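Participant: Provided herewith is a single structure, encoded as structure tokens, for subsequent inquiry.
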């Protein structure tokens, strides 16, 4: 049934499906980073066309959809914001 569905979809529909599925792997990545005491933040809202050009992704048949910022934890530079009512 899935093969029949995918055969009727366009390349753009395949891309959109894959882009949504990547969040599963992204979730596992953030969990494993935390296990290694590495802070991580998934990010979108960037200009994917500019990133694709910078990374030369189109030459590889790829497109960017999300970024994952990874940083080693440093207790001296961590700030905590406390919200009060």
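Participant: Could you please let me know if residue 6 is part of a helix (DSSP H, G or I), in contact (Cβ under 8 Å) with a residue 40 or more places away in the chain and farther than 17 Å from residue 70 by Cα? Talk me through it step by step, then tell me what you get.
Facilitator: Numbers: part of a helix (DSSP H, G or I): yes; in contact (Cβ under 8 Å) with a residue 40 or more places away in the chain: no; farther than 17 Å from residue 70 by Cα: yes.
It is false that residue 6 is part of a helix (DSSP H, G or I), in contact (Cβ under 8 Å) with a residue 40 or more places away in the chain and farther than 17 Å from residue 70 by Cα.
Participant: Can you tell me which condition residue 40 does not meet? The list is (1) part of a helix (DSSP H, G or I); (2) modelled with pLDDT of 90 or more, and all the others hold.
Facilitator: (1)
Participant: Within segment 9-47, work out how many residues are in contact (Cβ under 8 Å) with a residue 40 or more places away in the chain and under 10 Å from the mean Cα position of the chain (by Cα).
Facilitator: Let us first name the residues in segment 9-47 that are in contact (Cβ under 8 Å) with a residue 40 or more places away in the chain, namely 15, 19, 22-23, 26.
Now narrow it down to the ones that are under 10 Å from the mean Cα position of the chain (by Cα): 19, 22-23, 26.
Count: 4.
The values are calculated or read from the model by the stated rules, or taken from the named source; none is laboratory data. For clarity, every value in this text was computed on a predicted model and none was experimentally measured. Counting neighbours? That spans all protein chains shown, and the Cβs are built from the backbone with ideal geometry, glycine included.
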